[in-house]
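Working notes, structure below.
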Amino acid sequence: MLFLVVSVPLDLVKNKFVTRSFGIFLMLFFFWSLLVGLFFAQLIIHRTSDGSSDNRYFSITMTLTFENRNNNGNIWYFTRNEKEIGLFMNNSWQTVYLINVSYPISSFETDDDGNPVAYVEFPKSGLMRGENFSYQVNYRVVLKPRDLPRISENFSGSLSDIPEDLKTKFCSLTGVWQSDSSLICKYAFEILGNETNVLSAVSDFIMWIVRNIKYESLDVPRYPNETLLEKKGDCDDQANLLIGFCRAVGIPAYLQIGCIYKQGIESTSNFWDGLWTSTLTNIGWHGWAVVYVPPWGWLPVDLTYFTGNSSNPLSHITSSAIVAFPTVQYINVTVSDYVLESRLQKATVISEAHRIISHDIMVEEFREKVTFQNSVDAPQFTFISIEILVVTLVFLAIFSFLSPLSVR
């Protein structure tokens, strides 16, 4: 805060120019100068706080309940996978904090796909028939502004521009993409033809899937060859088909899974003979492909959740959910076979009558912004009032000193 210091020369007093009226004027001048200064200070604070950041802040709460309904009296012994929680990913687009877990963390590790994970130390090793157990995990998410480079098929690199180390790591037919690879390769090369432009090839794959694959969801994910044969699949099914096509012709690609903020929407679904109930509040889980396109590098490709014209293949990149909507990146799938893991879990849940209830909630947190109106709340208003009082008392003292002076 700037303070204006005005000195009163003694010769003014000696020359009889200081009177009681001048003292009152001097006091009022400093008093109103202080008020005006405080007013403009509040405007400066408001402007700085209001435009300082475009980040968005969210909390995610995941609650999971296990209940043993086995009629044969079998004990449900918790597996390592059932104790695992994902920690999301941290990068230039987002920062995610693990705020709280109902029970202690036994270890922090990295899974086969390179994702950070943690393992919860449950208070018991299993559940007897009729017993249940719940735990909750809380995260805080900071989503940062996201921009993709301007892309055009005219400026795309060719297949020969792709680094060999990326081909080795992200083009192998492993995990989800190993099933019936000959069928995937057959379709991929037929669609590719003689095309060597990477972005053009990816665009051709996108349009083939858009025209030939119908959106339909199952309670477990499909392998790419199943999506291809059945001509249907949901978000990650179609993404995995695209990834299979890309990998087959030497374009690095992998699957990314995350959650989208969907304000005001809640849904409850039952799966696996009604033994798994999933409730989603303001959140939707989603899967999309990430493809390497030189010279721009890794680009998201979303076949099912995007804005723009579906007939324009580049809309599936530039207007994908990760760019157009508040979307939190959760995990990458690069080598693991999560399709098989999901099917094995489903089989166990049904055969052993394991009841699972999950509830995921996402809430946007609005940062409090300093404005002129709310700057006069109790603490700040008290501080400002004290400042005004002190300054007023000072100038009253000056006035008292000057008031005895009179014109001789």
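None of the figures in this text is laboratory data; all of them are computed from the coordinates on show. Everything numeric here is computed off the predicted structure, so don't read it as measured data. Using ideal geometry, Cβ is built from the backbone for each residue, glycine included, and neighbour counts are taken over all protein chains shown.
Here are a few things to note about the model shown:
- Over 20 Å (Cα to Cα) - which of Lys83/Lys346; Lys167/Lys214; Lys169/Lys231 fall in this group: Lys167/Lys214; Lys169/Lys231
- Nearest-0.05 FRET efficiency for Asn91 and Ile151, computed from C-beta distance (R0 25 Å): 0.80
- Peptides 326-338, 152-164 ordered by average Cβ neighbours within 10 Å, highest first: 326-338, 152-164
- In sequence order, the stretch 201-211 has phi-based couplings of 4, 4, 4, 5, 5, 4, 5, 5, 5, 4, 7 Hz under the Karplus curve 6.51 cos²θ - 1.76 cosθ + 1.60, θ = phi - 60°, and Gly or Pro positions carry x.
- Neighbour-limited loop hits for trypsin sites (Lys or Arg not before Pro), the stretch 73-177 (at most 11 other Cβ within 10 Å; DSSP other than H, G, I, E, B): Arg80, Lys124, Arg150
- Extension gain from Ser278 to Asn312, taking 0.36 nm per residue of separation minus the Cα-Cα distance: 8.8 nm
- The length gained by stretching the chain between Gln263 and Glu230 to full extension, at 0.36 nm per residue less their Cα-Cα distance, is 8.6 nm.
- Each principal axis of the stretch 84-183 carries a Cα extent, and these read 61, 40, 22 Å when sorted largest first.
- Packing-based ranking, highest mean first, of 91-103, 221-233 given that Cβ atoms within 10 Å are counted: 221-233, 91-103
- Sites Glu365 and Phe189, calculated FRET efficiency, Cβ-Cβ separation with R0 35 Å, nearest 0.05: 0.10
- For the stretch 56-365, the spread of Cα positions along the three principal axes, ordered from largest to smallest, is 62, 42, 35 Å.
- R0 of 25 Å, Cβ-Cβ distance Val117-Ile75: FRET efficiency to nearest 0.05: 0.45
- Evaluated at q = 0.13, 0.18, 0.19 Å⁻¹, a Debye calculation over the C-alpha positions of the stretch 243-321 (equal weights, vacuum) places log10 I(q)/I(0) at -0.54, -0.85, -0.90.
- Multiplying the residue separation of Ser358 and Thr110 by 0.36 nm and subtracting their alpha-carbon distance yields 86.9 nm.
- In order along the stretch 53-67, the phi-based Karplus estimate (6.51 cos²θ - 1.76 cosθ + 1.60, θ = phi - 60°) of 3J(HN,Hα) comes to 7, 9, 5, 10, 10, 9, 10, 10, 10, 10, 10, 10, 10, 10, 9 Hz; Gly and Pro are listed as x.
- Loop GluC sites (Glu not before Pro), the stretch 45-128, which have at most 12 other Cβ atoms in a 10 Å radius of their Cβ (DSSP): Glu121
- Residue-wise HN-Hα coupling along the stretch 120-125, computed from phi with Karplus coefficients 6.51, -1.76, 1.60 (Hz; x: Gly, Pro): 8, 8, 5, x, 9, 7
- Using a cutoff of 8 angstrom between alpha carbon atoms and counting only pairs six or more residues apart, the relative contact order for the stretch 203-288 works out to 24 percent.
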